[in-house]
Amino acid sequence: MANSKYEYVKSFESEDEVMYPNLIVVRIDGRNFARFSEVNEFEKPNDERALNLMNHCATLVLEKYPDIILAYGFSDEYSFVFKKETEFYQRRASKILSLIVSLFTSLYVECFPHEEMRFTPSFKSRIICCPSMEVLQAYLAWRQRECHSKNQYNTCFWMLVKSGKSETEAYNILKVIFFFFLLLDLIFYMHN
């Protein structure tokens with residue numbers, strides 16, 4: 001479209017620059033991955049091959065884009081942190097999102113270890129703007145806590161299912177246990 005009478009159409013693009021000094025974090029996570037995991041027969045709660053594949057894809061993304069200085073992931077999710085002074089694609093959120101999620105998805109499909117993939121994976125993504133290092137640290141601490149709690153829950157849930165409980169029974173058992181620990185936390189909080 002360069003130097004044509006239709007170039008004016010570019011003026012209709014939305015401006016979505018992530019303003020400096022915000023740190024840019026791109027978080028991708030699997031869309032409908034419960035179904036993807038079931039159809040492709042991933043082991044519950046943690047399929048080692050699937051986790052290694054996610055880590056491998058994240059490593060390849062890091063190698064491709066040196067402006068990414070940190071990646072943190074668990075399950076079907078990865079967060080990519082860009083260096084503070086990045087000018088990667090003029091800091092345009094839509095461009096950055098589409099590049100990272102499309103590269104990650106294509107690497108995932110390309111590196112998938114099964115001979116025949118039975119369900120197509122897809123990932124969604126979002127930009128997190130961190131105005132300071134403290135906010136970035138809080139974001140990463142949140143993701144780490146989420147990883148820990150989900151892993152604890154899923155491990156307990158699937159061990160109950162493997163021991164013969166139905167998924168509904170396992171859910172109800174964990175619901176009671178969760179309520180009990182929530183009550184203990186509340187009592188501890190009130191006494192301190």
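The values are calculated or read from the model by the stated rules, or taken from the named source; none is laboratory data. Remember, predicted model here, so these are calculated numbers, not experimental data. Every residue, glycine among them, receives a Cβ derived from its backbone with ideal geometry; neighbour counts consider all protein chains shown.
In the list 72, 108, 65, which residue meets the criterion of being touching a residue at least 12 places away in the same chain (Cβ under 8 Å), closer than 26 Å to residue 153 by Cβ, out of contact with any Lys or Arg (no Cβ under 7 Å at 6 or more places or on another chain) and surrounded by 15 or more Cβ atoms within 10 Å (Cβ to Cβ)?
On the way: 72 fails: out of contact with any Lys or Arg (no Cβ under 7 Å at 6 or more places or on another chain); 65 fails: closer than 26 Å to residue 153 by Cβ.
Matching residue, one of 72, 108, 65: 108.
Against the definition (surrounded by fewer than 17 Cβ atoms within 10 Å (Cβ to Cβ), modelled with pLDDT of 85 or more and among the acidic types (Asp, Glu)), how does residue 48 come out, yes or no? Steps first, please.
Values: surrounded by fewer than 17 Cβ atoms within 10 Å (Cβ to Cβ): yes; modelled with pLDDT of 85 or more: yes; among the acidic types (Asp, Glu): yes.
Spelling it out, residue 48 is indeed surrounded by fewer than 17 Cβ atoms within 10 Å (Cβ to Cβ), modelled with pLDDT of 85 or more and among the acidic types (Asp, Glu).
Each row is one residue, and each column tells you yes or no for (1) in a helix (DSSP H, G or I); (2) over 18 Å from the mean Cα position of the chain (by Cα); (3) among the acidic types (Asp, Glu); (4) under 22 Å from residue 148 (Cα atoms).
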{"position": "46", "(1), (2), (3), (4)": "no, no, no, yes"}
{"position": "72", "(1), (2), (3), (4)": "no, no, no, yes"}
{"position": "79", "(1), (2), (3), (4)": "no, no, no, yes"}
{"position": "98", "(1), (2), (3), (4)": "yes, no, no, no"}
{"position": "104", "(1), (2), (3), (4)": "yes, no, no, no"}
{"position": "108", "(1), (2), (3), (4)": "yes, no, no, no"}
{"position": "116", "(1), (2), (3), (4)": "no, yes, yes, no"}
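Of all residues being more than 24 Å from residue 141 (Cα to Cα) and in contact with a strand residue (DSSP E or B) (Cβ under 8 Å, 6 or more places away or on another chain) in the stretch 75-90, which is surrounded by the fewest Cβ atoms within 10 Å (Cβ to Cβ)? Just the residue, please. Even if it seems obvious, please write down each step before you answer.
Residues of the stretch 75-90 more than 24 Å from residue 141 (Cα to Cα): 87-90.
Next cut, in contact with a strand residue (DSSP E or B) (Cβ under 8 Å, 6 or more places away or on another chain) only: 88, 90.
Numbers: 88: 18, 90: 10.
Within the stretch 75-90, the match that is surrounded by the fewest Cβ atoms within 10 Å (Cβ to Cβ) is 90.
Which is small (Gly, Ala, Ser), at pLDDT 85 or above and surrounded by 13 or more Cβ atoms within 10 Å (Cβ to Cβ), of 93, 34?
Criteria check complete, one pass: 93.
Go through (1) part of a helix (DSSP H, G or I); (2) exposed (fewer than 10 other Cβ atoms within 10 Å of the Cβ); (3) under 26 Å from the mean Cα position of the chain (by Cα); (4) not polar (S, T, N, Q) for residue 190 and report which single condition fails.
(3)
Within the stretch 3-25, can you find the residues that are aliphatic (A, V, I, L, M), under 12 Å from residue 92 (Cα atoms) and at pLDDT 85 or above? Working first, answer last.
Just the residues of the stretch 3-25 that are aliphatic (A, V, I, L, M), to begin with: 9, 18-19, 23-25.
Subset that is under 12 Å from residue 92 (Cα atoms): 18-19, 24.
Result: 19, 24.
Please count how many residues of the stretch 143-177 are exposed (fewer than 11 other Cβ atoms within 10 Å of the Cβ) and either of a type in the set (Val, Ile, Thr) or over 21 Å from residue 43 (Cβ atoms) (or both).
Going through the stretch 143-177 one residue at a time, the tally reaches 4.
Would you confirm whether or not the stretch 120-129 contains a residue that is in a helix (DSSP H, G or I) and under 30 Å from residue 174 (Cβ atoms)? Give the derivation first.
Of the residues in the stretch 120-129, the ones in a helix (DSSP H, G or I) are none.
Within the stretch 120-129 (the criterion being in a helix (DSSP H, G or I) and under 30 Å from residue 174 (Cβ atoms)), the answer is no, since none of the residues qualifies.
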